[in-house]
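I have placed the structure first, in the form of C-alpha cells, so that the comments after it can refer back to it.
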Amino acid sequence: MISTIERVVFLRTVDLFRHIPGEVLARVAEIAQEVRFGPNDEIVREGASGDAMFLLIEGYVDVVKGDRLVVTLGPKECVGEMALLDSEPRSATVRCKDAVHALQILREDFYDLMSGHVEIARGVIKILIQRLRKTTGS
Ligand code: CMP
C-alpha cells in the first residue's frame with residue numbers, strides 16, 4: 001500500500017495530470033484504489049462492460065484485439081479510459097506481461113474530476129488523439 005503523498009508524487013509524473021494543481025491531485029489520490037495483478041492476468045477483457053480506468057504505476061501490459069497485439073503500455077500510462085468515457089464494451093483485452101501495480105479510478109469519480117477541471121478532460125482527449133495517430137499513422 002502506498003501513501004497518499006506517494007500517490008500524488010506518482011500522479012505528477014502522469015501526462016494526464018501534469019498540469020493539475022497539487023490539491024486536486026490529493027483528491028485524485030484519495031479516490032483512486034490501489035490494485036495489483038499477476039503475469040497473464042487480464043485487467044480488462046475485450047467485449048466486457050467496464051466502469052473503471054487504470055493508471056499503471058509498475059509493470060507492462062499488452063493491449064490485444066482478437067489475437068492481434070496492438071501495443072504494449074507501461075508505467076505512467078492509462079488503460080480502460082475508452083469504455084469509461086463512452087460506456088461501450090471494452091475495445092481490447094489488456095493483459096499483464098508481468099506483475100502490475102496500478103491505481104483504479106471509477107467512471108463517476110472521473111466524470112466529477114473532469115467537470116471540475118477542464119485540464120483533465122483536455123488531457124484525456126490528448127491521449128485518445130495520440131493513440132489514434134499512432135494506430136492510423138496520421
Ligand atoms: P477500453 O476500451 O476501455 O479497454 C481496452 C483498452 O485498451 C482501451 O480502453 C484502451 O485503454 C486500450 N487501447 C485500445 N486500443 C488502443 C490503441 N490503439 N492504443 C493504445 N491503447 C489502446
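Every read-out reported here was derived from the displayed coordinates using simple, explicitly stated rules and does not represent laboratory data. On a predicted model such as this, the values are computed, not experimentally measured, just so you know. So basically every Cβ, Gly included, is an ideal-geometry build from the backbone, and we count neighbours across all protein chains shown.
Summary of values
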| read-out | value |
| --- | --- |
| Hydrodynamic radius by Kirkwood, which averages 1/r over all alpha carbon pairs of region 4-136, in angstrom | 14.9 Å |
| Structure-based [θ]222 nm, the chain - -39500 (n - 2.57) summed over DSSP H runs of at least 4, per residue, nearest 500 | -12000 deg cm²/dmol |
| Segments 93-104, 1-12, 126-137 sorted - mean Cβ within 10 Å per residue, highest first | 93-104, 1-12, 126-137 |
| Environment charge of Lys126, counting only residues whose C-beta is closer than 11 Å and scoring Lys/Arg +1, Asp/Glu -1 | +2 |
| Efficiency of FRET from Cβ geometry, Asp62 and Met1, R₀ 25 Å, rounded to 0.05 | 0.40 |
| Net length gained if the chain between Leu106 and Ile129 were fully extended (0.36 nm per residue, minus Cα distance) | 6.1 nm |
| Degrees between helix 118-136 axis and first principal axis of the chain (Cα, 0 to 90, nearest 10) | 20 degrees |
| Between 0 and 90°, nearest 10: helix 22-31 axis offset from the chain longest Cα axis | 60 degrees |
| Relative contact order, percent, region 26-138 [alpha-carbon distance under 8 Å, six or more residues apart] | 34 percent |
| With Cα atoms, 0 to 90° folded angle of helix 107-116 axis to the chain main axis | 50 degrees |
